[in-house]
1. Filter the range 24-41 down to the residues that are modelled with pLDDT of 70 or more and of a type in the set (A, V, I, L, M), then identify the one that is least open to solvent (accessible area, probe 1.4 Å).
Amino acid sequence: MVAIGSLLFCDACGSLLPRVIPGENANDMIKCDDCSQYTKDTSSKVVMSKSKPSAFPSSLRDKLSDVQNVNTEELQVEAVIAKTCPDCGRKEMFYHTKQLRSADEGTTVFYRCECGYKEVQNN
């Protein structure tokens, strides 16, 4: 019998042999469906293969492997709006919105002034 990978071939006629479930037959003899000859199964029951990540190049893997440093001072998550601060009188305030309630209700707006004053408005 010839085994190529997990495929088994008959010694007598060269046909592909049916799969054998390990432990199904005590002597592991396989009957060829074409020539009816019995052949002993001498193939390995476990096929194991390994590959290196470099064998399969991926632009996504390359992007994920790079470390990105983000400076929190440069990261702007707030926008500026023309709103007068009730505490210091400044004409502009920072704001950002979040959806805190259900989707059919308005967003919550968080206002912040440089003086430290904060205000929350539910729309």
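1. Residues of the range 24-41 that are modelled with pLDDT of 70 or more, as a first pass: 28-41.
Within this subset, residues satisfying the condition of being of a type in the set (A, V, I, L, M) are 29-30.
Numbers: M29: 59, I30: 4 Å².
Out of the qualifying residues, it is I30.
One line per residue, one yes/no per condition, for (1) out of contact with any Phe, Trp or Tyr (no Cβ under 8 Å at 6 or more places or on another chain); (2) modelled with pLDDT of 85 or more; (3) exposed (fewer than 13 other Cβ atoms within 10 Å of the Cβ); (4) under 30 Å from Y117 (Cβ atoms):
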residue: L17; (1), (2), (3), (4): no, no, no, no
residue: P22; (1), (2), (3), (4): yes, no, yes, no
residue: S43; (1), (2), (3), (4): yes, no, no, no
residue: K50; (1), (2), (3), (4): yes, no, yes, no
residue: S54; (1), (2), (3), (4): yes, no, yes, no
residue: D62; (1), (2), (3), (4): yes, no, yes, no
residue: Q76; (1), (2), (3), (4): yes, no, yes, yes
residue: K91; (1), (2), (3), (4): yes, yes, yes, yes
residue: Y95; (1), (2), (3), (4): no, yes, no, yes
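The values are calculated or read from the model by the stated rules, or taken from the named source; none is laboratory data. Note that the structure is a prediction, hence the values are computed from the model and not measured. So basically every Cβ, Gly included, is an ideal-geometry build from the backbone, and we count neighbours across all protein chains shown. Calculation scope for accessible area: heavy atoms of the full protein, side chains included, ligands and nucleic acids excluded. Shrake-Rupley method; radii C 1.70, N 1.55, O 1.52, S 1.80 Å.
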